[in-house]
Amino acid sequence: MLNQTNKISVNIEDEMKKSYMDYAMSVIIGRALPDVRDGFKPVHRRCLYAMYDMGNDYNKPYKKSARVVGDVIGKYHPHGDTAAYDTIVRMAQDFSLRYPMVDGQGNFGSVDGDSPAAMRYTEIRMSKLAHEMLADLDKETVDMGSNYDDSLQEPLVLPAKIPNLLVNGSSGIAVGMATNIPPHNLGEVVDGVVATIDNPAITLEELMAFIPGPDFPTAGFIYGRDGIVSAYRTGRGIIQMRARARVEKQKKSERESIIVTEIPYQVNKSRLIEKIAELVREKKLEGISDLRDESDRDGMRIVIELKKDENPQVLLNQLYKHTAMQSSFGIIMLAIVSNRPKVLTLKETIRHFIDHRREIVTRRTVFELKKAEARAHILEGLKIALDWLDAVIELIRDSKTPAEAKEGLMEGKFADPAWLAKFDLVAPANYSGMTRLSEIQAQAILDMRLHRLTGLEREKIVDEYLEILRFIGRLKDILGSETEILAIVKGELLEIKDKFGDPRRTEIIAQTAEITLEDTIVEEDMVVNITHTGYIKRSAVSLYRAQRRGGKGKTGIKTKDEDFVEHLFIASTKDYLLFFSDAGKVYWLKVYELPEGGRATRGKAIVNLLNLSQDEKISAILSVREFSEDKFIMMATRQGVVKKTPLLEYSHPRVGGILAVNLDEGDKLIEVALTDGKQDVLLVSKNGKSIRFREEDARPQGRVTRGVRGMTLEGDDVVIGMEIVNEMTGSTIFTVTENGFGKRTELGEYRAQSRGGKGVITIKTTDRNGCVVGIKQVTDENDMMLISDQGKILRVPVSGFSIIGRNTQGVRLMVTETEERIVAVAKLAEKDDADESADDDSLDELSDVELVDGE
Amino acid sequence: MQYNDSYDEKLFSFANNINTHEGGTHLIGFKAALTRTMNSYATANNLLKNVKVAISGEDLREGLTAVISVKIPQPQFEGQTKTKLGNSEVKGYVETLLNEKLATYLEENPQVAKRVLEKSIDAARAREAARKARDLTRRKGALEIGTLPGKLADCQEKDPALCELFLVEGDSAGGSAKQGRDRKYQAILPLKGKILNVEKARFDKMISSQEIRTLIAALGTGIGKDDFDIAKLRYHRIIVMTDADVDGSHILTLLLTFFFRQMHELVERGHLYIAQPPLYKIKRGKKEQYLKNEAALQNYLLEEGTDNMTLALDGGERALRGKQIIPALKQVTDYRSVFDKVVRKGLNEELVRLLIDVNARTGFEEFADFAPHFEKIKAIRQDFDYNINEKRATVKLGNLHIRLDRHSLDVLNSHEYTLLFENYRKIRASLGDGSAVISSEGKDLLVTDSYEEILAFFLDTAKKGLYIQRYKGLGEMNPEQLWETTMHQDNRLLLQVKIEDVVEAEEIFTVLMGDQVEPRRDFIEKNALNVSNLDI
């Protein structure tokens, strides 16, 4: 029994293809995309047609939405009721459609995203404008098609006196493609269409003089022309929409508030407010003290109250950046053209509309001509009858049945001379021979009322006949001339503009509104901490509260045990930090990009912030406020190469960093300094040689250059340090060697030589001393940190060492064990003179304990 | 510590150089610190933003090899072999130390941290998906047949080989199907709306979809690499029964995707069928008949329409009677469908007719340019005029203004146009130049000179007194009707789904259902004109 079923095998692939294509094409052609001619998707067209069909006109009483929906889905649109009702509701919303098609009575929702009342409550009728979309529908102007069950006819497109696709826009997602067309101003589009009729070769620039861009029902701003031009030229483009906001001073207090009166298209107001509130809660937006929606029947008004002394412009920029107060609208001008989806330019869209209107006007004229000719035919018959009045009356009186009378008339029996003679009648002067009438004419004569025989009425018939002949001539003229038809299209469009045109709502601002993060940053001074092992953070200056003299000081940063602060300075949030790596690359960070932390936080490792490659290490950091022309960057490499480059060369930050210097194979960048071009440079090598030369000796070079020789090295010697020296009083050179020895030497002992020499001895590198590890330019107030390869750190005050000559061995700075080597020397971050409190008590502790165990 | 690509966890612990392979407090401390530090790092750096599952210690240790060695003054060993460290204070030490050092390491090596965490997140996802799949099968396994979904109307028969499961679109159709079925061996499962596209969704998301779960439970096979068991299939015929509209087609594609991707074996063994509900019901007087599709309706109408008719051709020299007329009419129908395709490509109907006619009279010519063809038309039609410039041609035909461009020329040179022309020639061969007289029982009914009017006449005659209902949904049918036409074993026609070429099928599913839009659009554009069922 089971195997009786007829079965056919189908390949899964074929079935898939067939079913999928059925679905995809139906959605593309018949569901989600608008027709280029009337700008409607089938569901819109069906809703309006159903309303038109039931006489739901703008000047008649409203009808219950449910009745209309019932008609729509029952007659034309075999889908769910919600689909139809949602469509009608959207067409009634003045914030969704620039020019609503439906006049609604009741709650149709709001920009807050409130849902409209159910369809059993609301009432609707067509708007005045909708009638223009449907005008001449009864004059055979458009093709009609069968509805889903072949029982009724529906229009396949509407006559559309209005360029609806552009005016009201459209959006829809089909399969594999989507459309998103913004609304426009009716008057502007009409002008554009008229201009295109007048000059079919019009350029986009000329056209855009009429249609500068979209015009949203929710007003607001559009920033930037480029997106509009691209959309009009290619059919695709992205535009930025912005809310309209102004700053108001609070009456009582000093505080200011931002008042938002218009928001971007399709932005949900209540969700926008929620979003702002959420950002405030999450501390992503600071400076807002209160947020209220004061919208009422007078219009939209969102009040964002600021805290005291907040910069409203910065906050506004933050709002644009982080909320929907600035939104983008991605234009895709996709529409159905001759049953195919096509991405259209502005001009193509307009041309298709003109073609459509021309067809409508032509077909309407043909229809009217047919009607006029039919009427003329009847009038002609009536006129004959009036001319032969007595004979005709006799004929009718003589006939037994209406059929006989009709036949008599058709045969022209009344004009037969024999018959006339029988009744003693004569033919009218201007007639001779036989006169025949058509069946229609004969019937019209028989249907004529007696009062038409009065003199006045007779005249009227003649007048009408002449009138209609003139009219026919006029219609024929129109059909014979392309220009006449286009003139009518034009005239009707201008009429529409007069009737429905209104001023533009959305303001277009030419320049783009790229809001960079920078615009949202308040400029303020920050304390930047960078530790020896590369942790960095910033904290507010205010955290370092002024203390009285002799105060205990505060911890500025929490460090790992074996770490300490190497750089500490004050910089503005908008200053740049330049990070130079040993591989010769430079990276930028803005101070505001650094992690902000309280005093007791550790900050972040620099590797997290920069795009460093493996094994790349930061060798120098510079803080730059502005890239001024008279500043230079001096670089030194291990192989004794120096390079001076104007600071300006480094003023174009890139995220991935750029090459700062061309290094030789195996060479490393060891030190970078900012100079004014008039200083001296001191280079020191591992083997205790040093050279001091004038900065002028090195000419400024471009960014990606190798540099020049700064010091000639012997054997395996390498440069280990560079200092920019100035003859500041008390400034000495502090030199440290591997085995824990070192010394201080007057700056004056280093005489300036010419660049590239072998240099003079700065310290004797005996077996006791070992190689030089580092040099630093110091003053009496400085403290130095010595770090050994076993992780020990020693802090030594500079003032504890006497100043001795250049060519000496130095004294013991730190007791090292056998095999223990000093690997680094660093100057402790200076105490900040500008802010007395910038003391660091963790460092104070360090100075108490001479030796800190690194483990 | 070192992570590698594998999924194993290898932890070696030592206390005072003694291998403690049973672990102990130092191992516990290690694990606790690892879990805590990794998780807090991930949270702090927003790496868990799109991750719904919590990462467990196990996930973090997947692919980890580590050596933990502690040196303590007074080790206490536990366990029978004394290879488990028992000093409770060690846990705290290890934990604190590792917390601190690992956090520092992660902070200073973000790339490594990210890689490791990505791996762990994958592990967590996999674990979660596996758990869900397990739960699903386990829950089902609790009872003999499993907890069947409430919506399933099961059958009485227990032998899977005899059972059928109908997957029906929507509750409204489900109702009809339930009342119309033979409950002995037919089960009904209504599916609500469009089911999830499993091609785009991850396994865990698929498992969370209610409709899919219901479906899997009803089938009884379980799901997933390890748990799918074809032997447990409860029905040997899975019949997809969707509405005959385009949304029905869409649901069918979604279901096919599910079965192809997740229950491949089921399709391969031929358990999957597609039901063929009728598209039309026709009623003449009391006689009712169901027709599967457009073509069947056409056939029916032609047979009815030509009954007792005579078609006199070539000025009465030839005459076709009754069924003899049908082949010629079918040619006209074919011609019409190709004609529609050509017109759909954007050419004016009237112009195509003229061109074809002129071509048929004077012989077919390639469309290198419009001009020669237009000249020929101009010779026979007074109201025809044209104007050709470089970019486009404009044609005036009566009151019509038609604009033609390069694309139009392509259409005229296309395969479709040639086919159209061939069809036209065939018609000419069988029907002459179109002038014909149709008569019935000696009475002339129509005198015409157009093929299309001939066809229209017969169709109209057939439709007289005929009530044609086109079914939009299964819910439109009475249960009895549904049984008669679609479900009854003797009457119905089933399409058995077969995989002929796995590779090609694979590709089709990827293109049509995958997340890449570009290839899909290309496919649609290529096949746009082969659509048979366009529903607006």
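Can you give me the ranges of the strands (runs of 3 or more DSSP E) entirely in the range A:213-310 with at least 3 residues that are among the hydroxyl-bearing types (Ser, Thr, Tyr), surrounded by fewer than 17 Cβ atoms within 10 Å (Cβ to Cβ) and in contact with a helix residue (DSSP H, G or I) (Cβ under 7 Å, 6 or more places away or on another chain)? Step through it out loud before you land on a result.
On the way: elements: A:221-223, A:236-242, A:244-249, A:256-262, A:288-293, A:302-306.
Once the strands (runs of 3 or more DSSP E) in the range A:213-310 are filtered for at least 3 residues that are among the hydroxyl-bearing types (Ser, Thr, Tyr), surrounded by fewer than 17 Cβ atoms within 10 Å (Cβ to Cβ) and in contact with a helix residue (DSSP H, G or I) (Cβ under 7 Å, 6 or more places away or on another chain), nothing remains.
Scan the range B:376-399 for residues that are loosely packed, with under 15 Cβ neighbours inside 10 Å, assigned to a strand (DSSP E or B) and within 14 Å of another protein chain (Cβ to nearest Cβ) and jot them down.
Correct list: B:Asp385, B:Asn387, B:Thr394, B:Lys396.
A:Asn11 versus (1) surrounded by 18 or more Cβ atoms within 10 Å (Cβ to Cβ); (2) within 14 Å of another protein chain (Cβ to nearest Cβ): which is the lone unmet condition?
It is condition (1) that A:Asn11 fails.
Just to be sure I understand, how many residues within the range B:151-182 are within 14 Å of chain A (Cβ to nearest Cβ) and assigned to a loop (DSSP other than H, G, I, E, B)?
The total comes to 5.
Filter the range B:12-55 down to residues that are within 24 Å of B:Arg131 (Cβ to Cβ), surrounded by 15 or more Cβ atoms within 10 Å (Cβ to Cβ) and modelled with pLDDT of 80 or more, then give me how many there are.
8
Would you confirm whether or not the range A:51-73 contains a residue that is more than 34 Å from the chain's Cα centre (by Cα) and within 12 Å of chain B (Cβ to nearest Cβ)? Talk me through it step by step, then tell me what you get.
The first filter runs over the range A:51-73 and keeps only residues more than 34 Å from the chain's Cα centre (by Cα), leaving A:51-73.
Then drop every residue that is not within 12 Å of chain B (Cβ to nearest Cβ), which leaves A:73.
For the range A:51-73, residues more than 34 Å from the chain's Cα centre (by Cα) and within 12 Å of chain B (Cβ to nearest Cβ): present.
Please determine, by comparing only the residues of the range B:183-217 that are hydroxyl-bearing (Ser, Thr, Tyr) and in a helix (DSSP H, G or I), which one is farthest from B:Val53 (Cα to Cα).
To start, the set of residues in the range B:183-217 that are hydroxyl-bearing (Ser, Thr, Tyr) comprises B:185, B:208-209, B:214.
From what is left, the residues that are in a helix (DSSP H, G or I) are B:208, B:214.
Values: B:Ser208: 13, B:Thr214: 23 Å.
The qualifying residue farthest from B:Val53 (Cα to Cα) is B:Thr214.
Out of the residues in the range B:483-501 that are touching a strand residue (DSSP E or B) at 6+ places or on another chain (Cβ under 9 Å) and assigned to a helix (DSSP H, G or I), state the one that is farthest from the other protein chains (Cβ to nearest Cβ).
Among those that are touching a strand residue (DSSP E or B) at 6+ places or on another chain (Cβ under 9 Å) and assigned to a helix (DSSP H, G or I), it is B:Glu484.
Exactly one of (1) closer than 18 Å to A:Ile496 by Cα; (2) without any contact (Cβ under 8 Å) to a residue 60 or more places away in the chain; (3) of a type in the set (A, V, I, L, M, F, W, C); (4) crowded, with 21+ Cβ neighbours inside 10 Å is unmet by A:Ala130. Its number?
Only one criterion in (1) closer than 18 Å to A:Ile496 by Cα; (2) without any contact (Cβ under 8 Å) to a residue 60 or more places away in the chain; (3) of a type in the set (A, V, I, L, M, F, W, C); (4) crowded, with 21+ Cβ neighbours inside 10 Å is unmet by A:Ala130, namely (2).
With the requirement that a residue be within 7 Å of chain A (Cβ to nearest Cβ) and farther than 13 Å from B:Leu256 by Cβ, what does the range B:502-529 give you?
B:Glu504, B:Val517, B:Arg520, B:Arg521, B:Ile524, B:Asn527, B:Ala528
For the range A:153-180, name all the residues that are under 30 Å from B:Lys281 (Cβ atoms) and either modelled with pLDDT under 90 or basic (Lys, Arg) (or both).
Going residue by residue through the range A:153-180, those that are under 30 Å from B:Lys281 (Cβ atoms) are A:153-156.
If the condition is that a residue be under 30 Å from B:Lys281 (Cβ atoms) and either modelled with pLDDT under 90 or basic (Lys, Arg) (or both), then no residue fits.
If we keep just the residues of the range A:693-723 that are assigned to a loop (DSSP other than H, G, I, E, B), of a type in the set (A, V, I, L, M, F, W, C) and more than 53 Å from the chain's Cα centre (by Cα), which is surrounded by the most Cβ atoms within 10 Å (Cβ to Cβ)? Let's see the steps before the verdict.
Start the filter on the range A:693-723 by keeping residues that are assigned to a loop (DSSP other than H, G, I, E, B), which leaves A:698-699, A:701-707, A:710-718.
Filter again for of a type in the set (A, V, I, L, M, F, W, C), leaving A:698, A:704, A:711, A:713, A:718.
Filter once more, keeping what is more than 53 Å from the chain's Cα centre (by Cα): A:711, A:713, A:718.
Working: A:Met711: 28, A:Leu713: 20, A:Val718: 18.
If we take residues in the range A:693-723 being assigned to a loop (DSSP other than H, G, I, E, B), of a type in the set (A, V, I, L, M, F, W, C) and more than 53 Å from the chain's Cα centre (by Cα), then A:Met711 is surrounded by the most Cβ atoms within 10 Å (Cβ to Cβ).
Being within 14 Å of chain B (Cβ to nearest Cβ), crowded, with 19+ Cβ neighbours inside 10 Å and part of a helix (DSSP H, G or I), is that true of even one residue in the range A:78-100? Outline the logic, then answer.
Within the range A:78-100, the subset within 14 Å of chain B (Cβ to nearest Cβ) is A:78-83.
Then drop every residue that is not crowded, with 19+ Cβ neighbours inside 10 Å, which leaves none.
For the range A:78-100, residues within 14 Å of chain B (Cβ to nearest Cβ), crowded, with 19+ Cβ neighbours inside 10 Å and part of a helix (DSSP H, G or I): absent.
Only one residue in A:Thr766, A:Thr732, A:Thr779, A:Thr737 is touching a Lys or Arg at 6+ places or on another chain (Cβ under 7 Å) and either touching a residue at least 60 places away in the same chain (Cβ under 8 Å) or of a type in the set (S, T, N, Q) (or both). Which one? Lay out the reasoning, then the answer.
On the way: A:Thr766 fails: touching a Lys or Arg at 6+ places or on another chain (Cβ under 7 Å); A:Thr779 fails: touching a Lys or Arg at 6+ places or on another chain (Cβ under 7 Å); A:Thr737 fails: touching a Lys or Arg at 6+ places or on another chain (Cβ under 7 Å).
Sole residue among the options that is touching a Lys or Arg at 6+ places or on another chain (Cβ under 7 Å) and either touching a residue at least 60 places away in the same chain (Cβ under 8 Å) or of a type in the set (S, T, N, Q) (or both): A:Thr732.
How many of the residues making up the range B:218-238 are modelled with pLDDT of 90 or more and either over 25 Å from B:Leu494 (Cβ atoms) or among the hydroxyl-bearing types (Ser, Thr, Tyr) (or both)?
1
Looking only at the range A:424-431, decide whether some residue is modelled with pLDDT under 85, of a type in the set (Phe, Trp, Tyr) and surrounded by fewer than 15 Cβ atoms within 10 Å (Cβ to Cβ). Show your work before the answer.
Quick first cut of the range A:424-431, residues modelled with pLDDT under 85 only: A:424-431.
From what's left, of a type in the set (Phe, Trp, Tyr): A:431.
Add one more test, that the residue is surrounded by fewer than 15 Cβ atoms within 10 Å (Cβ to Cβ), and what stays is A:431.
Yes, the range A:424-431 contains at least one residue that is modelled with pLDDT under 85, of a type in the set (Phe, Trp, Tyr) and surrounded by fewer than 15 Cβ atoms within 10 Å (Cβ to Cβ).
Restricting the range A:311-351 to residues that are outside any strand (DSSP E or B) and among the charged types (D, E, K, R), which is farthest from the chain's Cα centre (by Cα)?
That would be A:Arg351.
Could you please let me know if B:Ala368 is at pLDDT below 80 and surrounded by fewer than 12 Cβ atoms within 10 Å (Cβ to Cβ)? Don't jump to the end; show me each part of the working.
Numbers: at pLDDT below 80: yes; surrounded by fewer than 12 Cβ atoms within 10 Å (Cβ to Cβ): yes.
Yes.
Could you please give the count of residues in the range A:14-50 that are under 19 Å from A:Asn168 (Cβ atoms) and facing chain B (nearest Cβ under 7 Å)?
So the count comes out to 1.
Answer with yes or no whether A:Met25 is surrounded by 21 or more Cβ atoms within 10 Å (Cβ to Cβ), aliphatic (A, V, I, L, M) and free of Cβ contacts under 8 Å to residues at least 24 places away in the same chain. Spell out how you get there, then give the answer.
Working: surrounded by 21 or more Cβ atoms within 10 Å (Cβ to Cβ): yes; aliphatic (A, V, I, L, M): yes; free of Cβ contacts under 8 Å to residues at least 24 places away in the same chain: yes.
Yes: the conditions hold for A:Met25.
From the list A:Gly145, A:Gly113, A:Gly104, which one is in contact (Cβ under 8 Å) with a residue 12 or more places away in the chain and either assigned to a strand (DSSP E or B) or in contact with a Gly (Cβ under 8 Å, 6 or more places away or on another chain) (or both)? Reasoning before the result, please.
Working: A:Gly145 fails: in contact (Cβ under 8 Å) with a residue 12 or more places away in the chain; A:Gly113 fails: either assigned to a strand (DSSP E or B) or in contact with a Gly (Cβ under 8 Å, 6 or more places away or on another chain) (or both).
The conditions single out A:Gly104.
What's the total number of residues in the range A:608-627 that are in contact with a helix residue (DSSP H, G or I) (Cβ under 6 Å, 6 or more places away or on another chain) and either part of a loop (DSSP other than H, G, I, E, B) or at positive phi (or both)?
Final tally of qualifying residues: 1.
Does A:Pro312 qualify as being within 14 Å of chain B (Cβ to nearest Cβ), out of contact with any His (no Cβ under 7 Å at 6 or more places or on another chain) and in contact (Cβ under 8 Å) with a residue 24 or more places away in the chain?
Values: within 14 Å of chain B (Cβ to nearest Cβ): no; out of contact with any His (no Cβ under 7 Å at 6 or more places or on another chain): yes; in contact (Cβ under 8 Å) with a residue 24 or more places away in the chain: yes.
Answer is no for this residue.
Residues in the range A:470-484 that are of a type in the set (Val, Ile, Thr) and either touching a residue at least 60 places away in the same chain (Cβ under 8 Å) or closer than 13 Å to A:Phe367 by Cβ (or both): how many? Can you show your working first?
In the first step, residues of the range A:470-484 are kept if they are of a type in the set (Val, Ile, Thr); the result is A:472, A:478, A:483.
Add one more test, that the residue is either touching a residue at least 60 places away in the same chain (Cβ under 8 Å) or closer than 13 Å to A:Phe367 by Cβ (or both), and what stays is A:472, A:478.
Going through the range A:470-484 one residue at a time, the tally reaches 2.
Just to check your reading of the model, which residue among B:Asp243, B:Asp182, B:Asp227 is in contact (Cβ under 8 Å) with a residue 40 or more places away in the chain, assigned by TED's automatic domain parsing to the domain that holds B:Trp483 and in contact with an Asp or Glu (Cβ under 6 Å, 6 or more places away or on another chain)?
Values: B:Asp182 fails: in contact with an Asp or Glu (Cβ under 6 Å, 6 or more places away or on another chain); B:Asp227 fails: in contact with an Asp or Glu (Cβ under 6 Å, 6 or more places away or on another chain).
None of the others qualify; the one that does is B:Asp243.
I want to confirm something. Restricting to the range B:400-413 and keeping residues that are in contact with a helix residue (DSSP H, G or I) (Cβ under 8 Å, 6 or more places away or on another chain) and either part of a helix (DSSP H, G or I) or over 29 Å from A:Leu479 (Cβ atoms) (or both), which single residue is nearest to the other protein chains (Cβ to nearest Cβ)?
B:Val411
I'd like to know if the range B:449-457 contains one or more residues that are within 14 Å of chain A (Cβ to nearest Cβ), outside any helix (DSSP H, G or I) and out of contact with any Cys (no Cβ under 6 Å at 6 or more places or on another chain).
no
The values are calculated or read from the model by the stated rules, or taken from the named source; none is laboratory data. Predicted model only: the values in this text are computed from it and were never measured. In this analysis, Cβ positions are derived from the backbone assuming ideal geometry, glycine residues included, and neighbour counts consider all displayed protein chains.
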